[in-house]
Amino acid sequence: MKFSLMVLLLSSATTATAACYRIHAATADTNPNSGYYIEPGKGTVGYWYGSTDAGGSAGNIPSIINMNNNDFQPLGSLIASGTVSFLTMKSHADTKNYDPEQVLYRCTADEKNQIREFYATNGDSAYGGMYQANPALGLSEVYTTYIFGLGIRVKNLTTGEYYSRYWKSRPLTNVDTDSKGYLLVKAKNFSDAGIELFKISYTSNNLGNPNNPNYIGNYNHSQPAAYIAFKSSTFSPNLEEGRDSAYYYNGFYLDWPGGISLYNRLTVRRSATCKVNNATPNVIFPTVAMQRLQSGAKVTVPVQVDFSCQTGSPANSGLSSGLVSGTATNQTAIGFLPDSGNIAAAKAAGLGTGGVGITHLLSDNYGQTQVTSGVGVRMYKMDGTALNFLSTLTSPGTGASGGWYPVLDEAVKLNENNGLTQYSRPFNASLEALPGKTVTPGKFNAKVQAIIQVQ
């Protein structure tokens, strides 16, 4: 837990001018002689409060994870992963995300080689970046969290380096300037992050949350897992490469514009469930005349997903609830998740469900030359019911409108051993014209993941 002490000193005269100015205002300063002046058209401004204990973001990682026994989910397993846009790493006190063009600092030109982005885990918090997971697992830079058995690893997506308890940094480059030569450090200049959550064990001196090894529910510990800090010649002066973030945290929290946190952004289940073993690796649609698709013809290809479920003892030992196929709380559902670019293209084409799902899968690079347009893929159950695709893993419990369906519907039981049952479930993928769109010739290429998740 860090503490920040702010002291306001009043003086009748100003003896020095800071090299950088923190821009924190509802409207831009219009006085050209002020250090806080933001020239019209050069950037936006807004209030921002820095990395408070309750702030930060978990990005698009699943909002529900399931902690299972070591047989079904071995130690070292990757449980979930996602990315975090810096634009969402705001304080909980901020009412909106950063604008990419939002100016956070305005600096004199001689600060060009001084302004840097520093990043580290929350080194003074036992549940935020102080202790690493058991090194015998072979996982580097994975740190313990508030949830027993859950570790987190954060990567700077600009440098490719993992966050560490010891500060790392990079220069802030490609910074815009105004007509007076001032550097405008904007939200777009800071780095996005990647998050991975792992099943971990502990060394003898870092037991995580030993008083509640079976904890379920909301992640209600407010300490962030990692921070992004700003440094110049006048801000965060004692941050240096390799220094321990447990002891060096000058600038906290006002000059640390980014935080990564699981607080109130993650729910933990410990339920019996299923996992995907195999799925049809390639679905190849035969060449088809666009006139046929335009007239309503569909080209259908079978898809199969094979999975294992914890249907009895001893496979479901140590869990708080048994397997239930469905889309309600603690039930297990299946869905199909496209890549983010395909999801964005579908939403731009008006193919949302009215919920958080999308109706059709569009091709990679949809809208570009040599890529077919007016055509998409729909998934169907064997009874002919059209299925929606997922667009996010952060909205479980949304049912069909979100792209979730009971996992065991139409599943075929193959065999059972020691409470673990193998299933195969058939689907149909159909290439067809989009409603109200004109079909154009070209190639279609896209991929989706079969996702099984406790809701």
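The values are calculated or read from the model by the stated rules, or taken from the named source; none is laboratory data. Values in this document were obtained by computation on a predicted structure and should not be read as measured data. Neighbour counts run over all protein chains shown; Cβ positions are idealised from the backbone, glycine included.
For (1) surrounded by 13 or more Cβ atoms within 10 Å (Cβ to Cβ); (2) within 30 Å of Leu362 (Cβ to Cβ); (3) in contact (Cβ under 8 Å) with a residue 60 or more places away in the chain, each residue gets a yes or a no:
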{"site": "Pro224", "(1), (2), (3)": "yes, no, yes"}
{"site": "Phe230", "(1), (2), (3)": "yes, no, yes"}
{"site": "Ser236", "(1), (2), (3)": "yes, no, yes"}
{"site": "Gly251", "(1), (2), (3)": "yes, no, no"}
{"site": "Ile260", "(1), (2), (3)": "yes, no, yes"}
{"site": "Asn278", "(1), (2), (3)": "no, yes, no"}
{"site": "Gly296", "(1), (2), (3)": "no, yes, yes"}
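Here are some residues: Lys443, Lys413. Which one is surrounded by fewer than 15 Cβ atoms within 10 Å (Cβ to Cβ), within 31 Å of the chain's Cα centre (by Cα) and of a type in the set (Lys, Arg)? Write out each step before concluding.
Working: Lys413 fails: within 31 Å of the chain's Cα centre (by Cα).
Just a single option satisfies the conditions, and that option is Lys443.
For the stretch 413-424, the criterion of being in contact (Cβ under 8 Å) with a residue 60 or more places away in the chain and not in a strand (DSSP E or B) is met by at least one residue. Is one or more of the residues making up the stretch 240-254 under 26 Å from Ile23 (Cα atoms), of a type in the set (A, V, I, L, M, F, W, C), assigned to a loop (DSSP other than H, G, I, E, B) and modelled with pLDDT of 95 or more? Yes, the stretch 240-254 contains a residue that is under 26 Å from Ile23 (Cα atoms), of a type in the set (A, V, I, L, M, F, W, C), assigned to a loop (DSSP other than H, G, I, E, B) and modelled with pLDDT of 95 or more. Meeting the requirement of 2 or more residues that are surrounded by fewer than 19 Cβ atoms within 10 Å (Cβ to Cβ), the strands (runs of 3 or more DSSP E) wholly within the stretch 42-133 are 78-84.
Answer with yes or no whether Gly35 is in a loop (DSSP other than H, G, I, E, B), crowded, with 21+ Cβ neighbours inside 10 Å and in contact with a Ser or Thr (Cβ under 9 Å, 6 or more places away or on another chain). In short, no. Hey, any hits in the stretch 163-178 for a residue that's in contact with a Ser or Thr (Cβ under 7 Å, 6 or more places away or on another chain), in contact (Cβ under 8 Å) with a residue 40 or more places away in the chain, charged (D, E, K, R) and not in a loop (DSSP other than H, G, I, E, B)? Yes, the stretch 163-178 contains at least one residue that is in contact with a Ser or Thr (Cβ under 7 Å, 6 or more places away or on another chain), in contact (Cβ under 8 Å) with a residue 40 or more places away in the chain, charged (D, E, K, R) and not in a loop (DSSP other than H, G, I, E, B).
hydroxyl-bearing (Ser, Thr, Tyr) and at pLDDT 95 or above, is that true of Ser295? Against the criterion (hydroxyl-bearing (Ser, Thr, Tyr) and at pLDDT 95 or above), Ser295 does not qualify.
For the stretch 355-387, a tally of residues being part of a loop (DSSP other than H, G, I, E, B), within 25 Å of Val454 (Cβ to Cβ) and touching a helix residue (DSSP H, G or I) at 6+ places or on another chain (Cβ under 6 Å) returns 3. Kindly indicate whether Gly194 is under 23 Å from the mean Cα position of the chain (by Cα), more than 30 Å from Tyr21 (Cβ to Cβ), surrounded by fewer than 22 Cβ atoms within 10 Å (Cβ to Cβ) and modelled with pLDDT of 95 or more. Taking the combined requirement at face value, the residue satisfies it. Only residues that are in a loop (DSSP other than H, G, I, E, B) and surrounded by 13 or more Cβ atoms within 10 Å (Cβ to Cβ) were counted across the stretch 298-316, and they come to 5.
Is it fair to say Thr158 is farther than 23 Å from Ser125 by Cβ, under 21 Å from the mean Cα position of the chain (by Cα), surrounded by fewer than 21 Cβ atoms within 10 Å (Cβ to Cβ) and β-branched (Val, Ile, Thr)? In short, yes.
Restricting to the stretch 375-392, name every residue that is surrounded by fewer than 19 Cβ atoms within 10 Å (Cβ to Cβ) and either at negative phi or in contact (Cβ under 8 Å) with a residue 40 or more places away in the chain (or both).
Initial filter on the stretch 375-392 (surrounded by fewer than 19 Cβ atoms within 10 Å (Cβ to Cβ)): 380-386, 392.
Tyr380, Lys381, Met382, Asp383, Thr385, Ala386, Thr392, listed by residue number.
Considering only residues in the stretch 416-440 that are crowded, with 17+ Cβ neighbours inside 10 Å and touching a helix residue (DSSP H, G or I) at 6+ places or on another chain (Cβ under 8 Å), the one that is farthest from Val276 (Cα to Cα) turns out to be Val439.
For the stretch 1-26, the set of residues classified as hydroxyl-bearing (Ser, Thr, Tyr), over 29 Å from the mean Cα position of the chain (by Cα) and at pLDDT below 95 consists of Ser11, Ser12, Thr14, Thr15, Thr17, listed by residue number.
Could you identify the single residue in Lys186, Lys231, Lys199 that is in contact with an Asp or Glu (Cβ under 7 Å, 6 or more places away or on another chain) and modelled with pLDDT of 95 or more? Spell out how you get there, then give the answer.
Values: Lys231 fails: in contact with an Asp or Glu (Cβ under 7 Å, 6 or more places away or on another chain); Lys199 fails: in contact with an Asp or Glu (Cβ under 7 Å, 6 or more places away or on another chain).
Of Lys186, Lys231, Lys199, the one residue that is in contact with an Asp or Glu (Cβ under 7 Å, 6 or more places away or on another chain) and modelled with pLDDT of 95 or more is Lys186.
Considering only residues in the stretch 134-150 that are among the polar types (S, T, N, Q) and over 16 Å from Tyr263 (Cβ atoms), the one that is surrounded by the most Cβ atoms within 10 Å (Cβ to Cβ) turns out to be Asn134.
Scanning the stretch 271-295 for residues that are out of contact with any strand residue (DSSP E or B) (no Cβ under 7 Å at 6 or more places or on another chain), in a loop (DSSP other than H, G, I, E, B) and not hydrophobic (A, V, I, L, M, F, W, C) turns up Pro281, Asn282, Thr287, Ser295.
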